[in-house]
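Data first, discussion second: the structure below is written as structure tokens.
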Amino acid sequence: MSNHAQPKQNLGILTLTALGIVYGDIGTSPLYAFREAFAHGMQPTEENVLASLSALFWAIMLIISLKYVWIVLRFDNKGEGGVLALQALAQRHSQRTLPRLTQLVLILGIVAAALFYGDAILTPAISVLSAVEGISVATPQFEEWIIPITLGILISLFLIQRYGTAKVGKLFGPITLVWFVTLATLGIISILQNPEVLKALNPLYALQFTLNYPLAAFTLLSAIFLTLTGGEALYADMGHFGAKPIRIAWYGLVCPSLVLNYFGQGSLILRDPSTISNPFYLLAPESLLIPLVVLATMATVIASQATISGAYSLTFQAIRLGYLPRMRIQHTSDTAQGQIYIASVNWIMLLGVIWLVLELGSSSALAAAYGIAVSGTMVITSLLVLIVALTRSNQRLRRLIIMVVIACLGFELIFLAANLTKFTQGGWIPLATGILIFILLSTWKKGSELVSEQRRKINMTLRKFVNELSPTIPRISGTAIYLSSSAGLVPSRLFYNLKHYKVLHEQLIFLHVDNEEIPYVLEEERLKVVGLAPGLYTIAVRFGFREEPDLNKALQHTSKYQLNIPADATFFVARTSVVSCEGILSRWRCNLFAWMMRQSESAATYFRLMPTQVVEVGTQVSL
């Protein structure tokens, strides 16, 4: 739920809970990120270690601490964060002040959403696999069991999703707190043995390395970027906790713990270059390796859970904003609205994750595939923030934000270019996934707009209907509610009924649902009821993109408009099908849209109407 819609909670509890949900992904990066800096031929010399740490530290400071935590968290959409919420916010601002950018904003939002899914199947695979690989450090003879154990954990994780995660979710915060304290402790112990590693806090080490070895520095950036993955979660989960707990958790614990652990790994490699094979696990005493593997596995399961839940939430928002067809959504909690389960998304992600683990087989191979989707999303977030910032009235703050975001955007574009060099090593996987999702999202959006346009052509306007409504038409008792896709139009289903049965119900209601580009709508602003004639009404129901569209619940408040809707009212809804492709859309997109339409959940189920209340009428269109 949005922060403004929640009961007030203790700041400390919110901050602890945010640790588990928000920081799971970026918090497990130390398992593999620093090791990957030396996975492509770079030798673990003192110069290279200090340069890598310097670049890593300043990347975290600039992109996460400055851009995301200080700036991006300011750009909420009525308390909600995430790239689709930001896109909706940017679209509203651009329509008022920069109308030429509206179409660009729409495309950027779709691309970012598509890239997220590419990242979502990689995160569980690389996180859990990198944790389980610690078994081979502790007990080398168990190395052949790494893949089976990883698959067992991942399959179990996806299988329990339909039961909800509310109970186990209460443990996320405390476990993640122990994880970050462990990261910091291991790092401090190692740094104290070799404190000269702290020289890497000086950015000149990274700068000098870049000047001396520009090609090696460019390759290094793709590995350094792994320390930033999960940065988008800070913004995406903003609606659950608000900006303040996320900032407190980052500056107070997460950032120091991550930096200390990375510098601890660097210190270890300076003492013993052979530890580059797995510097994270080799930080721990041998007697504590197994407990550390168990703790790391729990932390990566939490990180994976956050990504899976994020995929459900993004899908839900995409459906509400008209980018995907209606899907069956199961609510797994009686109290937390955000706890949802979407079976189709769950099984597709599970198949993708299993394929990745079997195909690539190691966290190092997965790391090569990781980064393109995340860096692309970060670039889009920066562009959308710039568009919104351009409309801010505070000139001084606006200039400062624009300058900082442009600087971050420059580095993010370099990160994206560096990650693209790994295209053939697996980088094509999230990119191909993103392209596929983009085609689906854009095809559904375009097809839906064309269907609505055709409906508008055949449907009569309300004004004309009221003027031409004959008083001689027989009226039967009862209330008929016709769902209309466009406000101000009479759905063709009414004319079909009138043509076949020659009667109208005593009370007619034309109901239109407005999907707003804000996360939540206040209850007092939910309905707009207009009486057109005796026994004839229009109702506009507004839902935010984070809300459940429950029509029966919304219509309970019509009595304050002197309109009583009986429990036995009948809802007339349409079921549209594409019968032919005539060139409005290209044939392949037309066929794809027709297939997506067949998979779409019925309007009756989506709007939570009782089956006994609904009469479904088929309509056919040509595209």
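If you check Val521 against the conditions, is it part of a strand (DSSP E or B) and either modelled with pLDDT of 85 or more or among the basic types (Lys, Arg) (or both)?
Details: part of a strand (DSSP E or B): no; either modelled with pLDDT of 85 or more or among the basic types (Lys, Arg) (or both): yes.
In short, no.
Taking the listed residues Leu366, Leu324, Leu295, the one that is outside any helix (DSSP H, G or I), in contact (Cβ under 8 Å) with a residue 40 or more places away in the chain and in the same structural domain as Ile188 (by TED's automatic domain parsing) is Leu324, with no other qualifying. Scanning the range 147-163 for residues that are β-branched (Val, Ile, Thr) and free of Cβ contacts under 8 Å to residues at least 24 places away in the same chain gives Ile149, Ile160.
Yes or no, residue by residue, for (1) free of Cβ contacts under 8 Å to residues at least 60 places away in the same chain; (2) at positive phi; (3) exposed (fewer than 15 other Cβ atoms within 10 Å of the Cβ):
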{"residue": "Gly187", "(1), (2), (3)": "no, no, no"}
{"residue": "Gln193", "(1), (2), (3)": "no, no, yes"}
{"residue": "Leu221", "(1), (2), (3)": "no, no, no"}
{"residue": "Thr227", "(1), (2), (3)": "no, no, no"}
{"residue": "Gly230", "(1), (2), (3)": "no, yes, no"}
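Residues in the range 265-292 that are among the hydrophobic types (A, V, I, L, M, F, W, C) and in contact (Cβ under 8 Å) with a residue 40 or more places away in the chain: Leu268, Ile269, Leu270, Ile276, Phe280, Leu282, Leu283, Ala284, Leu289, Ile290, Leu292.
Only one residue in Asn591, Asn515 is closer than 23 Å to Leu321 by Cβ and surrounded by 12 or more Cβ atoms within 10 Å (Cβ to Cβ). Which one? Among Asn591, Asn515, only Asn515 is closer than 23 Å to Leu321 by Cβ and surrounded by 12 or more Cβ atoms within 10 Å (Cβ to Cβ). Checked against the criterion of being surrounded by 14 or more Cβ atoms within 10 Å (Cβ to Cβ) and farther than 28 Å from Ile584 by Cβ, the candidates Leu522, Leu450, Leu504 yield just one match: Leu504. If the condition is being closer than 23 Å to Gly134 by Cβ and buried (at least 23 other Cβ atoms within 10 Å of the Cβ), then the range 37-62 contributes Ala37, Val49, Ser52, Leu53, Leu56. Taking the conditions (1) within 19 Å of Trp250 (Cα to Cα); (2) without any contact (Cβ under 8 Å) to a residue 40 or more places away in the chain in turn, Gln95 satisfies each one other than (1). Scanning the range 340-354 for residues that are in contact with a His (Cβ under 9 Å, 6 or more places away or on another chain) and aromatic (Phe, Trp, Tyr) yields a total of 1.
Looking at the structure I just gave you, is Ile146 on the phi < 0 side of the Ramachandran plot, aliphatic (A, V, I, L, M) and out of contact with any Leu (no Cβ under 6 Å at 6 or more places or on another chain)? Yes, satisfied.
The residues listed here are Leu177, Leu129; of these, the one that is in a helix (DSSP H, G or I) and either closer than 29 Å to Thr433 by Cα or of a type outside the set (A, V, I, L, M) (or both) is Leu129. Exactly one residue among Thr570, Thr605, Thr558 is farther than 23 Å from Arg456 by Cβ, over 33 Å from the mean Cα position of the chain (by Cα) and touching a residue at least 40 places away in the same chain (Cβ under 8 Å), and that residue is Thr570. The residues on offer are Leu431, Leu397, and the sole one that is part of a helix (DSSP H, G or I), free of Cβ contacts under 8 Å to residues at least 40 places away in the same chain and of a type in the set (A, V, I, L, M, F, W, C) is Leu397.
The set of residues in the range 524-554 that are outside any helix (DSSP H, G or I), in contact with a Leu (Cβ under 8 Å, 6 or more places away or on another chain) and among the aliphatic types (A, V, I, L, M) comprises Leu527, Val529, Leu532, Ala533, Leu536, Ile539, Ala540, Val541. Among the residues of the range 233-258, the one identified as surrounded by fewer than 21 Cβ atoms within 10 Å (Cβ to Cβ) and among the β-branched types (Val, Ile, Thr) is Ile248. Just one of the listed residues (Phe263, Phe158, Phe209) is outside any loop (DSSP other than H, G, I, E, B) and closer than 20 Å to Ala131 by Cβ, namely Phe158.
Between Ile429, Ile435, the distinction of being among the β-branched types (Val, Ile, Thr) and either under 24 Å from Leu215 (Cβ atoms) or modelled with pLDDT of 90 or more (or both) belongs to Ile435 only.
Within the range 525-555, if we keep just the residues that are in contact with a strand residue (DSSP E or B) (Cβ under 6 Å, 6 or more places away or on another chain), in contact (Cβ under 8 Å) with a residue 60 or more places away in the chain and farther than 30 Å from Met238 by Cα, the residue that is surrounded by the most Cβ atoms within 10 Å (Cβ to Cβ) turns out to be Thr538. Provide a single number: the residues in the range 396-445 that are of a type in the set (Ser, Thr, Tyr) and under 30 Å from Ser600 (Cβ atoms). Going through the range 396-445 one residue at a time, the tally reaches 3.
So that you can scan it fast, the table gives a plain yes or no per residue for (1) part of a loop (DSSP other than H, G, I, E, B); (2) farther than 30 Å from Gly531 by Cβ; (3) at pLDDT below 85:
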| residue | (1), (2), (3) |
| --- | --- |
| Asn564 | yes, no, no |
| Val579 | no, yes, yes |
| Trp588 | no, yes, no |
| Asn591 | no, yes, no |
| Ala594 | no, yes, no |
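Would you say Ile414 is farther than 18 Å from Val105 by Cβ, at pLDDT 85 or above and assigned to a helix (DSSP H, G or I)?
Working: farther than 18 Å from Val105 by Cβ: yes; at pLDDT 85 or above: yes; assigned to a helix (DSSP H, G or I): yes.
So Ile414 passes the test.
Within the set of pairs 6 or more residues apart or between chains, which connect a residue that is without any contact (Cβ under 8 Å) to a residue 12 or more places away in the chain and in the same structural domain as Gly488 (by TED's automatic domain parsing) inside the range 437-452 to a residue that is outside any helix (DSSP H, G or I) and buried (at least 18 other Cβ atoms within 10 Å of the Cβ) with Cβ atoms less than 6 Å apart? Once the first residue is without any contact (Cβ under 8 Å) to a residue 12 or more places away in the chain and in the same structural domain as Gly488 (by TED's automatic domain parsing) and sits in the range 437-452, no partner that is outside any helix (DSSP H, G or I) and buried (at least 18 other Cβ atoms within 10 Å of the Cβ) comes close enough. Taken as a whole, the structure leaves Ile402 outside the set of residues that are in contact (Cβ under 8 Å) with a residue 24 or more places away in the chain, surrounded by 15 or more Cβ atoms within 10 Å (Cβ to Cβ) and part of a helix (DSSP H, G or I).
Just the residues that are assigned to a strand (DSSP E or B) and under 40 Å from the mean Cα position of the chain (by Cα), please, taken from the range 471-494. Talk me through it step by step, then tell me what you get.
To start, the set of residues in the range 471-494 that are assigned to a strand (DSSP E or B) comprises 475-484, 489-490.
Scanning the range 471-494 gives Ala480, Ile481, Tyr482, Leu483, Ser484, Leu489, Val490.
Exactly one residue out of Asn394, Asn459 is farther than 25 Å from Trp595 by Cβ and either exposed (fewer than 14 other Cβ atoms within 10 Å of the Cβ) or in the same structural domain as His40 (by TED's automatic domain parsing) (or both): that is Asn394.
Taking each residue of the range 490-503 that is within 19 Å of Thr538 (Cα to Cα) and looking for partners that are among the acidic types (Asp, Glu) and surrounded by fewer than 19 Cβ atoms within 10 Å (Cβ to Cβ) with beta-carbon atoms closer than 7 Å, six or more apart or interchain, yields nothing.
The values are calculated or read from the model by the stated rules, or taken from the named source; none is laboratory data. Quick caveat, the model's predicted, so the values are computed rather than measured. As a convention, Cβ positions derive from the backbone with ideal geometry for all residues, glycine included, and neighbour counts pool all protein chains shown.
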